[in-house]
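Below: the structure, in structure tokens.
The values are calculated or read from the model by the stated rules, or taken from the named source; none is laboratory data. Here the structure is a predicted model, which is why all the values come from computation and not from measurement. Positions of Cβ are generated from backbone atoms using ideal geometry, with glycine treated the same way; all protein chains shown enter the neighbour counts.
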Amino acid sequence: MSERPILVTGATGKLGRLVVERLLARGQPVRVFTRRPETARALFGETLQIAAGDFGDRAALDTAVRGVGRLLLLSPISTRLVTDQVAVADAAVAANVARIVKISGSDWTIEPPGNSISGEAHAAVERHLNGLPTEAVSLRPNAWMQVSLANTIRNAITNSQVVAANLDAGIGYIDARDIADVAVHQLLADRIRGRTLNLTGPDVVSFRQVAALLTAALKRPVAALEKPPRTVPKEGDFEHRAVAQFVRLIAAGRAATTTDVVPTLLGRSPRTVADFILEQVTAETAVPEYQP
Ligand SMILES: NC(=O)c1ccc[n+]([C@@H]2O[C@H](COP(=O)([O-])OP(=O)(O)OC[C@H]3O[C@@H](n4cnc5c(N)ncnc54)[C@H](OP(=O)(O)O)[C@@H]3O)[C@@H](O)[C@H]2O)c1
């Protein structure tokens, strides 16, 4: 591909930073769009380009997309998700950006429609992308280990408990590092592999199995407890309502899926929950070395 920079939005966040680090490690020219240029500079060093601005500032977006070859489109769950992502995509099309790789919602939040305000927002952006002249692929990752599972592991270390609305509901958790690897693959590949790609880890793991894996990793019993999910608030903060819906959909078994997209694209197996739990437990329970 050409040496036009790749623009990454959401670059300072949990997933975006993994994508930027990988692109820089491959020697790709990268530009990030951020409200916090100093944070981006501290995270990524001197070699990358920084475009400062807010998604709501079209002039800043127009400056950010100028000369860009490909775009990684990522923004947080919020009432602004559709407006923000459509604005970035439209600015990119106006600047002749050649490809958009979007981080979308989990497939089970989007299909079937009507179950998730977050999934509906991502679906609206996907429809918009499908109507643009620019080629676009939407990555639909299942629940990320680094978000949902990391909290479960921390709670187990502190309270020796795993609490879930349905202990036998499984999740095809995916490691965010595998999502980043696929995003980089689709940013750099000669062609995209479809309009939507449903990304999962290698297997479906229930909360009861997570408790068993934590028992083995911590070498002490971790109890598995069921607790009914809280009701989804009708009003209030968008993200909290979205997360309450995720909990209910997961309890109903909707996230219990796996696909072969990651191994097909990357030529290797995705990272496992068992390995992630061991890694996290080792990191979280490490005794700091004595410094005289
Ligand atoms: N967690 C999961 O299991 C999961 C599963 C499927 C899909 N997803 C999707 O992943 C996305 C969230 O990714 P993440 O957790 O990596 O995000 P995150 O850590 O919350 O980071 C948010 C990023 O967005 C940027 N940002 C926020 N508001 C902005 C604004 N007004 N203008 C410009 N930049 C702005 C922030 O940059 P600055 O602060 O530097 O400006 C930051 O880099 C969501 O779309 C979610 O639906 C998550």
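Hand me the list of helices (runs of 4 or more DSSP H) wholly inside the stretch 130-233 holding 3 or more residues that are within 17 Å of G253 (Cα to Cα). Lay out the reasoning, then the answer.
Details: elements: 150-159, 176-188, 207-218.
Counting at least 3 such residues, we get 207-218.
One residue is enough: does the stretch 100-122 have a residue meeting the conditions without any contact (Cβ under 8 Å) to a residue 60 or more places away in the chain, closer than 24 Å to F55 by Cα and acidic (D, E)? Within the stretch 100-122 (the criterion being without any contact (Cβ under 8 Å) to a residue 60 or more places away in the chain, closer than 24 Å to F55 by Cα and acidic (D, E)), the answer is yes, since at least one residue qualifies. The condition (being in contact (Cβ under 8 Å) with a residue 12 or more places away in the chain and under 22 Å from A121 (Cα atoms)) is satisfied by just one residue among L48, L43, L23, L72: L72. Scanning the stretch 10-32 for residues that are more than 6 Å from the ligand (Cβ to nearest atom), more than 11 Å from V184 (Cα to Cα) and surrounded by 17 or more Cβ atoms within 10 Å (Cβ to Cβ) returns R17, P29, V30, R31, V32. Contact annotation: residue pairs with Cβ atoms under 8 Å, 6 or more positions apart or on different chains, pairing a residue in the stretch 247-260 that is touching a residue at least 60 places away in the same chain (Cβ under 8 Å) and crowded, with 17+ Cβ neighbours inside 10 Å with a partner that is of a type outside the set (F, W, Y) and assigned to a helix (DSSP H, G or I), are L249/T109; A255/L249.
If you filter the stretch 175-194 down to residues that are closer than 27 Å to G69 by Cβ and under 12 Å from the mean Cα position of the chain (by Cα), you find that the one that is surrounded by the fewest Cβ atoms within 10 Å (Cβ to Cβ) is R177.
Report whether or not P29 is free of Cβ contacts under 8 Å to residues at least 40 places away in the same chain, in contact with a Lys or Arg (Cβ under 8 Å, 6 or more places away or on another chain) and at negative phi. Answer is yes for this residue. Checked against the criterion of being modelled with pLDDT under 95 and either buried (at least 18 other Cβ atoms within 10 Å of the Cβ) or polar (S, T, N, Q) (or both), the stretch 129-138 contains not a single residue that satisfies it. Somewhere in the stretch 57-72, is a residue near the ligand (Cβ under 10 Å from one of its atoms) and either aromatic (F, W, Y) or surrounded by fewer than 18 Cβ atoms within 10 Å (Cβ to Cβ) (or both)? Scanning the stretch 57-72 turns up at least one residue that is near the ligand (Cβ under 10 Å from one of its atoms) and either aromatic (F, W, Y) or surrounded by fewer than 18 Cβ atoms within 10 Å (Cβ to Cβ) (or both).
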